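Some notes on the structure that comes next.
The values are calculated or read from the model by the stated rules, or taken from the named source; none is laboratory data. Since the model is a prediction, treat every value here as computed from it, not as a measurement. Cβ sites come from the backbone with ideal geometry, for glycine too, and all protein chains shown count toward neighbours.
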Amino acid sequence: MDVTVSGRKMPISDSLKKYAEDKIGKTVTQLEVGAIACEIVLYREKNKAIPNAAVCEVTVIMPGHVARVEESEEDMFAAIDVSAAKIARQLRKFKTRVQSKRTRKNEQMVDYQHEDSHPESELDLDRLMDELTEDEIVRRKKIPYSPMTEDEAMVEIDLLGHDFFVYTDRDSGNVHVLYRRGDGSLGLLMPEDDE
């Protein structure tokens, strides 16, 4: 796995670079999620009114997935520590979900004839699944779903007051996601083959 540490508009000392590589790089490697690259960007907010000006952004690229964390602290080393803990938690959850899916699929295909065939792996899986209990769907809602134009979707997102709106584009027939960005403007996600 390739670990890249860079600074945004600030020089990075060798000790800070080594600390970030060791703390975050080793964490990602130990979780064995098949990461291809880990990009760490360090910078300081210039606004004096911001108390936690040291920022650490971590992006882990895996085949078909990307995990990202951004943390602000008073000290750059503290920002790296918190980022390492949060990215470890995200990757552990991702790994657990993928392994859980594979385990359930394998359990359907294989008939265990002995109760003591794999007790350790089942216990570990149970422990890891307990960590995921806070991420559960708490509400399901059925909505009328009809094709519409981009302009109609923009009206709907304003009417609903939501941060996103999913719709089928009337012209292409593809699913689009209209979302409100942090600055209040709108963004649109669409398939690559959409024109």
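Mind checking which residues of the range 35-51 are among the hydroxyl-bearing types (Ser, Thr, Tyr) and either part of a loop (DSSP other than H, G, I, E, B) or in contact with a His (Cβ under 8 Å, 6 or more places away or on another chain) (or both)? Residues satisfying the conditions do not exist here. In the set 86, 101, 93, only one residue is surrounded by fewer than 13 Cβ atoms within 10 Å (Cβ to Cβ) and either at pLDDT 90 or above or at negative phi (or both); that residue is 101.
It is to be established whether one or more residues within the range 13-34 are assigned to a strand (DSSP E or B) and either touching an Asp or Glu at 6+ places or on another chain (Cβ under 9 Å) or outside the structural domain of residue 62 (by TED's automatic domain parsing) (or both). The answer is no; no qualifying residue exists.
Just one of the listed residues (59, 4) is within 13 Å of the chain's Cα centre (by Cα), surrounded by fewer than 18 Cβ atoms within 10 Å (Cβ to Cβ) and polar (S, T, N, Q), namely 59. Please work out if residue 28 is modelled with pLDDT of 90 or more, of a type in the set (Val, Ile, Thr) and surrounded by 18 or more Cβ atoms within 10 Å (Cβ to Cβ). Spelling it out, it is not the case that residue 28 is modelled with pLDDT of 90 or more, of a type in the set (Val, Ile, Thr) and surrounded by 18 or more Cβ atoms within 10 Å (Cβ to Cβ).
Per this entry, residue 109 is counted among residues that are modelled with pLDDT under 85 and either loosely packed, with under 14 Cβ neighbours inside 10 Å or more than 19 Å from the chain's Cα centre (by Cα) (or both).
Do we find a residue being free of Cβ contacts under 8 Å to residues at least 24 places away in the same chain and on the phi > 0 side of the Ramachandran plot anywhere in the range 52-60? No, the range 52-60 contains no residue that is free of Cβ contacts under 8 Å to residues at least 24 places away in the same chain and on the phi > 0 side of the Ramachandran plot.
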